[in-house]
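I'd like to ask some things about the structure below.
Every number in this text was worked out from the coordinates using simple rules, so none of it is lab data. Given the structure is predicted, the values throughout are model-derived calculations rather than measurements. Neighbour counts run over all protein chains shown; Cβ positions are idealised from the backbone, glycine included.
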Amino acid sequence: MGEAPMKQIVVLGSGFAGTTVVRELERIFRRETDVAITMISRHNYMVFSPLLPEIAGNIVEPRHAAPPVRIFMRKARFQQAEVLAVDVAARQVQVLYPDQRTAQISFDYLVIGLGSVTNYAHAPGADVNSFDLKSLEDAIRLRNHVLLMLELADHTADPAVRQELLTFVAAGGGYAGLEGLGQLIDFVSKALRYYPSLRRDELRFLLASHSRELLKDVDTKLGGYVAQKLGERGVDVRLGVSVTAVSERAVVLEPGGSIPTRTVLWAAGIAVSPVVESIDLPKDRHGAIKVSSALQVEGHPQIFALGDCAAVPSATGTYAPTAQNAIREAATVAQNIAAHMRGGGLRAFHFVPMGSLASIGHYQAVARIFGVSFSGFPAWLAWRAVYLAKLPSLAQRVRVLLDWALEMVLHADIVQLPVMSSDDMRFMAMRDAHTKMIEQDSAHAEAQADSRRQAQQASEAAPAATPVAPLEG
Ligand SMILES: Cc1cc2nc3c(=O)[nH]c(=O)nc-3n(C[C@H](O)[C@H](O)[C@H](O)COP(=O)(O)OP(=O)(O)OC[C@H]3O[C@@H](n4cnc5c(N)ncnc54)[C@H](O)[C@@H]3O)c2cc1C
């Protein structure tokens with residue numbers, strides 16, 4: 001009797017969704033030898049996004065907020081690659097490796113956890129003139145830029161230009177906008193001690209939210225609380241106001257007109273990535289992949305989607321794109337894959353969060369847990385405890401804890417770090433692959449020359465051939 005064929009489970013993405021699915025699958029299938037699990041992602045780490053504002057604020061070291069995914073893999077295999085396309089009918093994923101090789105990876109079960117991209121629609125110029133906060137590079141770039149604004153303002157006499165340099169705008173009333181702005185306020189305020197010509201009252205912080213409520217998708221009561229607390233910190237909070245254009249030196253608000261600034265943190269919405277858009281699966285009106293309550297894609301029982309790229313039905317619409325939801329959805333996806341494989345019944349996803357927390361800087365956070373709102377230092381401690389516990393490894397927790405402890409006793413670090421974009425890295429990978437090819441070619445040519453030389457030497461060293469005796473007539 002032949003062995004049962006290996007079942008291939010392929011998980012796309014190493015974010016909150018992908019990493020949690022893989023960890024759960026490892027636990028469920030640890031003893032099964034006929035199940036292979038492969039994770040494919042463009043980075044070999046997970047970005048712990050709630051800590052990105054603290055990287056921008058120079059509190060947490062970038063690599064401490066990026067746990068490497070291989071540390072929790074035992075059975076699963078990881079492939080660092082860009083997902084280019086998914087051929088649903090052929091059950092194959094097309095990938096591009098960093099050395100520019102491409103491959104087709106077959107699957108029996110597919111989990112799509114490819115997250116989201118920043119949505120710049122409706123604001124011309126936002127894509128090139130603003131900063132977003134979705135990757136480690138984004139956070140470092142924002143910090144460098146803010147420091148550059150302080151450097152420039154320090155030797156600028158013109159009050160209008162100084163005001164432009166010292167105005168910081170965040171667009172968007174979700175986690176990224178609120179927490180990003182909160183950390184910027186702290187960072188700039190602490191850095192001021194090194195810029196003696198700049199006064200605290202010259203700094204201007206503005207938050208513009210298209211929605212009339214902050215944290216609209218998460219908890220509007222908590223959002224109201226955040227608006228109040230940010231206002232108390234001197235932030236000009238504008239609700240029901242859209243950013244309609246961003247240029248190098250201004251934002252245009254509607255209503256509100258043009259505000260001179262060179263720093264816009266763009267966190268005004270997310271969209272699905274072009275690769276998710278290209279996959280031939282049912283989508284909702286925002287382009288998110290439509291799934292059932294069991295997180296299966298409609299009409300494709302062996303394809304699951306979750307996290308920011310999926311429209312997961314809830315009692316009131318769809319679940320919000322949050323890390324909290326992605327983690328919970330992941331456990332259901334892993335259990336449902338196992339149930340489907342074993343012929344069992346699938347579970348519906350249902351989750352009521354215990355509460356929500358948002359950190360707004362200056363040792364301040366706001367929280368609503370079991371319906372009770374609280375803020376200030378206790379909420380800030382709760383925020384830190386919750387996110388510390390959510391970091392996937394002990395090493396990461398210790399590193400972040402040390403970063404937090406050091407930040408409380410040391411002055412602001414105002415070094416501008418060089419940052420490399422993904423494009424730079426891709427270019428370097430291509431250049432390395434090219435160099436390797438040239439090295440291989442020249443090694444091959446040298447080996448051929450060597451063997452020719454050896455053959456020549458061998459023929460020279462051989463005894464002279466016996467002269468042929470003349471034919472006797
Ligand atoms: C600054 C900020 C703060 C936040 N704070 C909170 C918070 O406090 N609480 C909360 O609940 N939520 C928070 N969120 C939201 C939360 O981060 C997201 O909802 C969560 O990351 C979604 O998880 P995901 O796995 O679906 O996507 P992601 O975490 O974005 O992961 C997507 C993965 O797919 C990979 N990928 C994408 N495209 C490709 C491709 N073509 N090829 C290969 N790999 C690819 C990416 O590299 C990544 O590994 C915050 C978000 C931001 C930006």
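Semi-axes of the equivalent ellipsoid of the chain: what are they in whole Å, largest first, if each equals the square root of 5 times a C-alpha gyration tensor eigenvalue?
49, 33, 21
Then there is this: Counting other Cβ atoms within 10 Å, which GluC sites (Glu not before Pro) in segment 1-87 have at most 10 and lie in a DSSP loop?
E3
Magnitude of the Cβ-charge dipole of the chain, K/R +1 and D/E -1, about the Cα centre, nearest 20 debye?
That gives the chain a dipole magnitude of about 1560 debye.
Once every DSSP H run of n ≥ 4 in the chain is given -39500 (n - 2.57) and the sum is divided by its residues, what mean residue ellipticity at 222 nm do you get, rounded to the nearest 500 deg cm²/dmol?
Using -39500 (n - 2.57) per qualifying helix, the result is -12000 deg cm²/dmol.
Report the local net charge at R70: Lys and Arg +1, Asp and Glu -1, summed over other residues whose C-beta lies under 14 Å from its C-beta.
Numbers: positive: R23, R74, K75, R77; negative: E26.
Once all neighbours under 14 Å are counted, the net charge is +3.
Could you point to the residue in A294, P98, V415 farthest towards the positive end of the chain's charge dipole, with +1 and -1 charges on the Cβ of Lys/Arg and Asp/Glu respectively?
A294
So if I take the centroid of the Cα atoms in segment 348-403 and the same for segment 1-73, what is the distance between those two points in Å?
Here the two parts' Cα centres lie 22 Å apart.
Right, here's the next one. In 10 Å bins starting at zero, report the fraction of Cα pairs in segment 59-153 per bin as a rounded %.
Pair shares across the bins are 11, 27, 32, 21, 7, 1.
Through the Karplus equation 6.51 cos²θ - 1.76 cosθ + 1.60, θ set to phi - 60°, convert the phi angles of segment 208-223 into ³J(HN,Hα) values in whole Hz; use x for Gly and Pro.
10, 10, 4, 7, 7, 10, 7, 6, 3, 7, 9, 6, 5, 5, 4, x
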